[in-house]
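Data first, discussion second: the structure below is written as C-alpha cells.
The values are calculated or read from the model by the stated rules, or taken from the named source; none is laboratory data. Nothing here was measured: the structure is a model prediction, and the numbers come from that model. So basically every Cβ, Gly included, is an ideal-geometry build from the backbone, and we count neighbours across all protein chains shown. For the accessible areas, the whole protein counts, side chains as well, though only heavy atoms, and no ligand, DNA or RNA atoms are used. Shrake-Rupley method; radii C 1.70, N 1.55, O 1.52, S 1.80 Å.
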Amino acid sequence: MSRIGNKPVALPAGVEVKIDDNNVVTVKGPNGQLEQQINPAVHVEVKENEVILTRESDDREHRSQHGLSRALINNMVEGVSKGFEKKLQIIGVGYRAEKKGKTLVMHLGYSHPVEMEDPEGITTETPDANTVVVKGIDKALVGNYAAVIRKWRKPEPYKGKGIRYENEHVRRKEGKTGAKA
C-alpha cells in the first residue's frame, strides 16, 4: 500500500492543473508553468481543489510509479506556487563568489575564476561573497545546478575548505601527528 501515493495533492489558490489524453500533467501558477509525463498505469484526476492519483493494479511497478507520480506532481505544485531554493556556502581563504549579469563568477583557488552562466529557469544570487543561492520552480533543476556548482570545489575533510550546502555537516579528520622518537 502506497502511503504517499494515496495522499491527495492540495492545490493552493492560483494554481491550476490540466491532464491531457497522453497523461501529461501541466501545472500553472503564479511563478510559471511545469509539465510532466506520468506513467499510464497511474490515473490522475482533479476533484475540487485536490489532485487524486489511483493505480491500475498492485503490481510492484505500479505501486512504485504511484508514489513517484504523486511526489512529482506535489513538487510541481509547490514549485509554481512557492519555488525552491538551495543555499551554498563557500569556505576558504580567498574563496568568494560574485554575480555579473547572468553569470556567476567564483574564485576558488584555481589560476582562473570559474564562470557559470545561469541555465534557463534558474537564477543565482550572491547575498554576500561567501554565499550562493540557487532559485527556480523545478526542484530537480535547482538541485542539479547546485550540485554542479558544488562539484567545482567539494569540501575537504582536513580544513573544511570548499563549497558545501547550507546545513551540510563535513566530517573532519585529524591531521598528521609529529614524528615519534
Counting only GluC sites (Glu not before Pro) that sit in a DSSP loop (anything but H, G, I, E, B) with at most 16 other Cβ atoms within 10 Å, what is the longest stretch of the chain containing none of them? 57-119
Which longest run of the chain has no exposed loop site in it, a site being chymotrypsin sites (Phe, Trp or Tyr not before Pro) in a DSSP loop with at most 16 other beta carbons within 10 Å, and the site itself not part of the run? 1-109
Pairing the Cα long axis of helix 139-151 with the longest principal axis of the chain, what angle in degrees results, from 0 to 90 and rounded to the nearest 10? 20 degrees
Region 84-136-region 20-39 distance, computed between alpha-carbon centres (Å): 30 Å
Which of these, 142, 46, 77, has the largest mean-square fluctuation under a Gaussian network model of the chain (Cα springs below 10 Å)? 46
How far is helix 60-81 tilted, in degrees, relative to the longest principal axis of the Cα atoms in the chain, given as a value from 0 to 90 rounded to the nearest 10? 70 degrees
From Cα pairs below 8 angstrom and at least 6 apart in sequence, can you work out the relative contact order of region 52-181, rounded to a whole percent? 24 percent
With charges set only on the Cβ (+1 for Lys and Arg, -1 for Asp and Glu), what does the dipole of the chain come to about its Cα centre, in debye to the nearest 20? 1460 debye
Answer label for volume of the Cα convex hull per residue in Å³ (calculated), chosen among [x] 110; [y] 258; [z] 173: [z]
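Pairs 18/135; 7/86; 139/159; 82/161: which are spaced more than 28 Å apart, C-alpha to C-alpha? Mind showing how you got there, number by number?
Values: 18/135 25 Å; 7/86 26 Å; 139/159 31 Å; 82/161 32 Å.
Violating the 28 Å limit, Cα to Cα: 139/159; 82/161.
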Taking only protein heavy atoms into account and a 1.4 Å probe, give the accessible area per residue of region 1-159 in Å². 59 Å²
Looking at 92, 175, 155, which one has the Cα that reaches farthest to the positive end of the dipole of the chain (charges on Cβ: Lys, Arg +1; Asp, Glu -1)? 175
Everything considered on the Cα gyration tensor (a ≥ b ≥ c; rounded for a/c under 1.5, else prolate if a/b is larger than b/c, else oblate), region 84-136 must be described as oblate
Can you give me the relative contact order of region 1-61 as a percent, contacts being Cα pairs under 8 Å and 6 or more apart? 32 percent
Could you tell me which trypsin sites (Lys or Arg not before Pro) in region 76-115 are loop residues by DSSP with no more than 15 other beta carbons within 10 angstrom of their beta carbon? 82, 102
On the protein heavy atoms, probe 1.4 angstrom, tell me the percent of accessible surface of the chain carried by carbon and sulfur. 47 percent
